[in-house]
Every structure is written in C-alpha cells, then in structure tokens.
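Reading through the structure tokens given below for one structure.
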Amino acid sequence: MNDDFLYRTPAPLGGKRLFRLGLAANYGIDETGVRTAMDRGVNTFLWTMRAKGLGNPLREALRTRRDTVALIGYAKLGWFGWGVRRGAESLLRDLGTDYLDTYLLGWVGVGAAYTRSTERELLHLRESGKVRSIGVSIHDRARAGRLAAESPLDLLMIRYNAAHPGAERDIFPHRRGDRPTILAYTATAWRRLLKRPAGRDGPVMTAGDCYRFQLSSPHVDLALTGPANTAEVVANLDALEKGPLTPDEDRWMRDFGRAVHG
C-alpha cells in the first residue's frame with residue numbers, strides 16, 4: 001500500500017495525518033457505512049445538515065479521539081458576518097466539540113458571500129481558536145485562482161475531475177507553496193463520468209477511477225466521496241489501493257472526460 005498516495009498532513013488542518021479521501025454523508029449513507037469507512041481509516045468528515053448517518057459515529061469519534069479526526073463544518077448562513085459567526089457556534093454546539101478543523105463557506109457566490117465582512121468574521125473565528133482553518137467552496141475558477149494567490153483562506157474546496165480539469169490551469173498555478181489546502185469534490189461529475197458517452201466503445205470509468213484521478217494530482221491534498229451505501233464505500237476505498245494513475249490510465253481518463261464533457 002502506497003502511504004504517500006493515501007495520506008497527507010496539511011498544515012492548516014492542525015498537522016493531522018489524514019487519509020486523503022474524506023467522507024460527505026449527504027447522499028444517504030447510513031451509520032453502518034460510516035463506521036465501515038472509519039474502520040478503513042477515513043478520518044476527514046464534511047458535516048452538513050443532511051448528513052444524518054454521520055451524526056452518531058462522528059460525535060463518538062470527536063469525543064474519544066479528537067486529535068485524529070478532521071471536522072469540516074459547512075456554514076449554515078454565509079451572507080453576512082453575523083451569520084458566519086452564528087453558524088460556527090451552532091455547529092460547535094450541535095457536535096459537542098471545542099473547535100472545527102475547517103469552517104467552510106459553501107458555494108461562494110451562490111449560497112454564501114466572500115466579502116470583507118465575512119472574511120473579517122472568519123479571521124476572528126480562526127484567531128479565537130473556535131476554528132483552526134477557514135475555507136470556501138467555489139466553482140468560479142478565475143476567482144478561486146485569485147483567492148489562492150491573495151486571500152488568507154487556508155482551504156479551497158473546488159470542482160476537479162476528468163471532465164472538468166480546468167483547475168490545473170486556473171487555480172493550481174496560483175497556490176503559494178502548499179497553501180491553500182485543496183479539497184477536490186464532484187469526482188464523478190455528478191455521475192456523468194460513470195456512463196458511456198454516445199458513440200464511444202470500451203470501458204467506462206468507475207467511481208474509484210474518478211477518485212484516483214483527483215488524488216493523483218500533486219496539487220490535490222484531499223478529496224471527498226459521497227457514497228450512498230456501504231458497498232460503494234468499500235469499492236471506492238479498494239480502488240485507492242491501486243495507487244496513483246499510470247501514464248496510460250491518465251491519458252485514457254482524460255480522453256474519456258473530454259468525451260463526457262462534449
């Protein structure tokens with residue numbers, strides 16, 4: 001097993017040794033599936049209000065082994081400074097923990113705003129120790145590139161997959177060394193990469209292929225999987241044991257992604 005491929009220790013997340021595939025539980029996975037992921041080493045979790053199956057296992061992990069778990073809290077209200085503050089405090093109460101490893105403004109430009117007011121409150125929260133790092137989820141690659149180059153953000157959660165590799169041009173070159181941490185999601189392009197494009201023969205990408213594509217990039221620190229059940233958790237984690245893509249696999253997946261993108 002390739003530990004260099006499977007683990008990373010991002011400084012903004014407290015220097016914890018993290019399994020690079022984190023878990024988002026908002027696609028229906030139950031507690032059994034979550035515990036299976038935990039037993040396989042998954043220790044980064046995205047908490048949203050729809051993550052019902054994650055609640056009990058995550059609270060137990062935070063209570064018993066907080067120093068090995070990375071909790072990314074999704075802001076409930078992210079348009080104004082007061083909402084950012086209240087959202088963080090609500091997450092801390094809901095989960096019974098003293099701090100969030102990362103506090104994330106979700107869908108900046110659509111579901112939240114990144115303004116002087118929200119940035120100032122994020123910085124206050126980080127300075128207070130209630131959150132260890134601050135980040136945003138963003139699809140606007142040009143703006144994400146500017147934030148990577150100039151903002152005090154510790155983490156960017158971005159779309160990156162074989163059908164949408166534009167971050168390689170618009171975001172990754174603007175990082176300052178290993179900052180900000182890059183968290184990739186939408187690995188399967190909302191499942192479009194799991195279907196054969198019209199007029200194309202041959203094999204079809206699997207979800208495991210999609211995560212290997214993301215994590216084979218030297219610029220991607222972590223990725224998120226959103227499995228619906230235990231079988232999908234197991235299949236995705238088994239796929240990662242193959243390690244990074246070979247050059248031939250990379251060429252095939254990029255070609256497949258271009259066909260999917262159209």
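Things to note:
- Residue in the range 229-250 that is part of a loop (DSSP other than H, G, I, E, B), over 17 Å from Ile29 (Cβ atoms), in contact with a Ser or Thr (Cβ under 7 Å, 6 or more places away or on another chain) and at pLDDT 95 or above present: yes
- Picking from residues in the range 217-226 that are out of contact with any helix residue (DSSP H, G or I) (no Cβ under 6 Å at 6 or more places or on another chain) and touching a residue at least 40 places away in the same chain (Cβ under 8 Å), the one that is farthest from Met38 (Cα to Cα) is Ser217.
- Between Ala198, Ala163, the distinction of being of a type in the set (A, V, I, L, M), more than 26 Å from Gly41 (Cβ to Cβ) and modelled with pLDDT under 95 belongs to Ala198 only.
- Qualifying residues in the range 193-219 (those that are surrounded by fewer than 17 Cβ atoms within 10 Å (Cβ to Cβ) and charged (D, E, K, R)) - the one nearest to the chain's Cα centre (by Cα): Lys195
- Count of the range 3-40 residues which are touching a residue at least 24 places away in the same chain (Cβ under 8 Å) and on the phi > 0 side of the Ramachandran plot: 2
The values are calculated or read from the model by the stated rules, or taken from the named source; none is laboratory data. All values reported here derive from a predicted model rather than from experimental measurement. Here Cβ is always computed from backbone atoms with ideal geometry, including for glycine, and neighbour counts include all displayed protein chains.
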